[in-house]
Amino acid sequence: MNVRERAAEVAAQVRDPEMPMLTLADLGVLRSVEVVRPGDGGVEREADGDEVVIASITPTYTGCPAMATMRDDLVHRLNGAGFPRVEVRVVLDPPWSSDWISERGRAALRDAGLSAPGAARRSSGPVGLNLGPTRHAPACPRCGSTATRLTSEFSGTACKALYRCADCLEPFEHVKEI
């Protein structure tokens, strides 16, 4: 395994601070991991001691308060794995999409009792303005019913909403589609 592959493997295991059942890779926040030598214009090299590991991440939301912790966790884990020079870059284009959550990540959300997001609502044209409530009925992660009702647009984090199942009466968090 070369240096970049080893660094990417370490970075891919860093957990999301707000949803620790997910790695940054499973959440789709970890965009890339490169290993470069300073002054080489970004050309990847094999190890000889002066490489810089550059991990690129994308926030799930602009202003996501977990970004600093993600950055610190990436640096800490990579330093601990023998990579003394680490840089974390924030990439905003293209913006993160809930479609980037891996199947393993979606399963981990369900196993933790959270409702995984459906397909993101994207359009290639102008974004329509809708001032009415968004009609969305995620399936209850406990009983599978879609007879669910929004309780609050925001839950423990801005990227989750709080719902209640009308059949089993249990509340649950739903990761929002973006």
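With q set to 0.15, 0.20 Å⁻¹, the log10 of I(q)/I(0) for the chain, from the Debye formula over equal scatterers at the Cα positions, is -0.88, -1.29. Charge dipole of the chain (Cα centre as origin; +1 on each Lys and Arg Cβ, -1 on each Asp and Glu Cβ, all else neutral): 680 debye, rounded to the nearest 20.
Here the stretch 57-103 has an Rg and Dmax of 12.3, 33 Å, counting Cα atoms alone. If you take every DSSP beta bridge fully contained in the chain, what fraction is antiparallel? Give it as a percent rounded to 5. Counting DSSP beta bridges with both partners in the chain, the antiparallel share is about 75 percent.
Applying 1/(1 + (r/R0)^6) with R0 = 41 Å to the Cβ-Cβ distance of Ser56 and Ala147 gives a FRET efficiency near 0.50. Using only Cα atoms, find the angle between the long axis of helix 67-80 and the longest principal axis of the chain, and express it within 0 to 90 degrees, rounded to the nearest 10. Roughly 40 degrees between the two axes.
The label point for Asn2 and the one for Asn79, both projected 7 Å from the Cα toward the Cβ, are 2.7 nm apart.
Restricting attention to the stretch 3-96, close to 60% of DSSP beta bridges with both partner residues there are antiparallel. For the chain, the relative contact order comes to 18 percent (Cα pairs under 8 Å, sequence separation of at least 6).
Given all pairs of different Cα atoms, what value in angstroms does the Kirkwood hydrodynamic radius of the stretch 3-96 take?
Details: mean 1/r = 0.0748 Å⁻¹.
Here the Kirkwood hydrodynamic radius works out to 13.4 Å.
Here is the short version for the chain: Cys64, Cys159 have no other Cys C-beta closer than 4.7 Å.
Laboratory data are not the source of any read-out in this text; all were calculated from the coordinates shown. Computed from a predicted model, the values in this text were never measured in an experiment. Cβ sites come from the backbone with ideal geometry, for glycine too, and all protein chains shown count toward neighbours.
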